[in-house]
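Student: First the structure, then my questions, so here it is.
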Amino acid sequence: MAAYKSELIETLTSRGFLHQCTNLEGLDAKAAAGVVTGYIGFDATADSLHVGHLVQIMALRWMQKTGQRPIALMGGGTTKVGDPSGKDESRRLMDDATIMANITSIRQSFDRFLTFGSGPQDAILANNADWLDKLQYIPFLRDIGRHFTINRMLTMDSVKLRLEREQPLTFLEFNYMILQGYDFVELHRRHGCTLQLGGSDQWGNIIQGVELGRRIAEAELFGFTCPLITTASGAKMGKTASGAVWLKAERFSPYDYYQYWRNSDDADVGRFLKLFTDLPLDEIARLEKLAGSEINEAKKVLALETTRLLHGDAAANDAAETARKTFEQGGIGDDLPTIDMTAADFAAGIPAWSLFQKAGLADSNGEARRLIRGGGAKLNDQKLDDENLSITASTAVNGVIKLSAGKKRHAIVKVG
RNA sequence: GGAGGGAUGGCCGAGCGGUCAAUGGCAGCAGACUGUAAAUCUGCCGACUUAUGUCUACGAAGGUUCGAAUCCUUCUCCCUCCA
């Protein structure tokens, strides 16, 4: 029944990972015949990746699960240059120490999704600083630079868009695609890597690598891009009120992560289950059929599965349990954001607006006041009308005060 | 090097001496409706213990004026054209 010979391509296509491929049949045949080593590059611009990177990470995960060998390439070198793709402005230059620290931090997330090691199918973690840092300008220009034409480079979207929008593009950034192309060839030399995956915005960069490989290594390299995942309402994934949806628990708690997925658009559920969970397709097909409010069951599965992958069973179950208690019983779950205060803090009474601000439900005192005035605040599940209400330790029930901003954002204050 | 144009709140984008914390749109938050969904409608949306109050803010620094985001000078950065 499979349309493709290899499990890899069959899986990636049926789950919605394919956007463009340089030679799908060729890659399919190669993957069916033996182990293909493929990589995806990640820039180290922050100490954590975010949901926007998840498609790529899942693609690597499927590579490994279908018997191929994935490489996660950390852009220790390229991050110093900055990828102009899809950006109007240059990124601020980052120093080595920050980049190294980011790489160390990001590496932890990969351990959740991939098995690293030295076996034939173990994933490899590479860092392009290992070769890019050592490049010598003149030799590099002569060996690599001569294979790139300015004519061609100017037609690349990343460059063209910048120019069309009259935004400056520095020579530094202009070199990014050359370095990325070189990465591909270098990974081919070092690890026999013949495939580069990436987001659809990386197509141009990937092509450059494929062509460079053909010219200087006489290798047939493959490029494969994943679609840019947007929500049904057209927004890029991963933006919430509090900022990006980070993969690192310290930046974005497992409970918040669970809630992020739990609140997915109806129209996105099936697609997300395929892309972001390991669930078998027939199971997903069953969940997709749920209509009306029943689709909430599918959303719970989506939230639980995605959270399990990233944070593990225990954290996922805790998050699900907290959500269940909070939303289905109107109670209090352990995973809700919590602040600790002492009875002494309450000795003189704390105004309600101040407590909301302290609990993180409002960014400023004024915002807390507006929230209460607007009728969106609850104290122990009772609507709060008086923003100046003086709250004392006696407000606590079993040592805990529950604050709510709207229906979804809750926090608890522990009075100890 | 020369000539023009531009820099406004998270973003886009009006304003061009007072009535400007600054029109409008987007994003965001809340309310209603619901299913912890979408769409829609409504309110809010610089900070300050909230005030017909104060402070901070229209690239930076000075200046003119009773009064400046708006005028002048210098500076910084960006864009376009010419060399």
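The values are calculated or read from the model by the stated rules, or taken from the named source; none is laboratory data. Please read all numbers here as calculations on a predicted model, not as lab measurements. Glycine gets a Cβ as well: all are built from the backbone with ideal geometry, and neighbour counts include every protein chain shown. We work out accessible area using only protein heavy atoms, side chains counted, and drop any ligands, DNA or RNA first. Shrake-Rupley method; radii C 1.70, N 1.55, O 1.52, S 1.80 Å.
Student: Of everything in the stretch A:302-334 that's open to solvent by 30 Å² or more (accessible area, probe 1.4 Å) and under 19 Å from the mean Cα position of the chain (by Cα), which residue is nearest to RNA strand B (Cβ to nearest atom)?
Tutor: It comes out as A:L304.
Student: Turning to a different aspect of this structure: Just to be sure I understand, how many residues within the stretch A:47-83 are under 17 Å from A:D130 (Cα atoms) and in a strand (DSSP E or B)?
Tutor: Final tally of qualifying residues: 5.
Student: Would you say A:E294 is at pLDDT below 95, over 26 Å from A:T13 (Cβ atoms) and surrounded by fewer than 19 Cβ atoms within 10 Å (Cβ to Cβ)? Quick ask: steps written out before the conclusion?
Tutor: Numbers: at pLDDT below 95: yes; over 26 Å from A:T13 (Cβ atoms): yes; surrounded by fewer than 19 Cβ atoms within 10 Å (Cβ to Cβ): yes.
Yes: the conditions hold for A:E294.
Student: Residue by residue through the stretch A:362-386, note down the ones that are over 38 Å from the mean Cα position of the chain (by Cα) and under 20 Å from A:A348 (Cα atoms).
Tutor: Result: A:D386, single match.
Student: A:A314 versus (1) under 16 Å from A:A411 (Cα atoms); (2) part of a helix (DSSP H, G or I): which is the lone unmet condition?
Tutor: (1)
Student: Just need a number here: residues in the stretch A:8-46 that are of a type outside the set (D, E), within 20 Å of A:Q180 (Cα to Cα) and outside any loop (DSSP other than H, G, I, E, B).
Tutor: So the count comes out to 8.
So that you can scan it fast, the table gives a plain yes or no per residue for (1) touching a Phe, Trp or Tyr at 6+ places or on another chain (Cβ under 7 Å); (2) of a type in the set (A, V, I, L, M, F, W, C); (3) open to solvent by 60 Å² or more (accessible area, probe 1.4 Å):
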position	(1), (2), (3)
A:M58	yes, yes, no
A:R61	yes, no, no
A:R69	no, no, no
A:F113	no, yes, no
A:A123	yes, yes, no
A:W131	no, yes, no
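Student: For the stretch A:375-416, give me the residue count where each residue is within 29 Å of A:S264 (Cα to Cα), of a type in the set (D, E) and open to solvent by less than 30 Å² (accessible area, probe 1.4 Å).
Tutor: 0
Student: Tally the residues that are open to solvent by less than 50 Å² (accessible area, probe 1.4 Å) and outside any loop (DSSP other than H, G, I, E, B), restricting the search to the stretch A:282-291.
Tutor: Total meeting the criteria: 3.
Student: For the stretch A:245-271, which positions are in a helix (DSSP H, G or I), in contact (Cβ under 8 Å) with a residue 40 or more places away in the chain and buried (at least 20 other Cβ atoms within 10 Å of the Cβ)?
Tutor: A:P254, A:Y255, A:Y257, A:Y258, A:Q259, A:W261, A:R262
Results for (1) surrounded by 19 or more Cβ atoms within 10 Å (Cβ to Cβ); (2) within 22 Å of the chain's Cα centre (by Cα); (3) in contact (Cβ under 8 Å) with a residue 40 or more places away in the chain, shown as yes or no for each residue.
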{"site": "A:L18", "(1), (2), (3)": "no, yes, yes"}
{"site": "A:A31", "(1), (2), (3)": "yes, no, no"}
{"site": "A:Y39", "(1), (2), (3)": "yes, yes, yes"}
{"site": "A:T45", "(1), (2), (3)": "no, yes, yes"}
{"site": "A:V51", "(1), (2), (3)": "yes, yes, yes"}
{"site": "A:G76", "(1), (2), (3)": "yes, yes, yes"}
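Student: Got a sec? Which of A:S394, A:S404 is of a type in the set (S, T, Y) and closer than 21 Å to A:D256 by Cβ?
Tutor: A:S404
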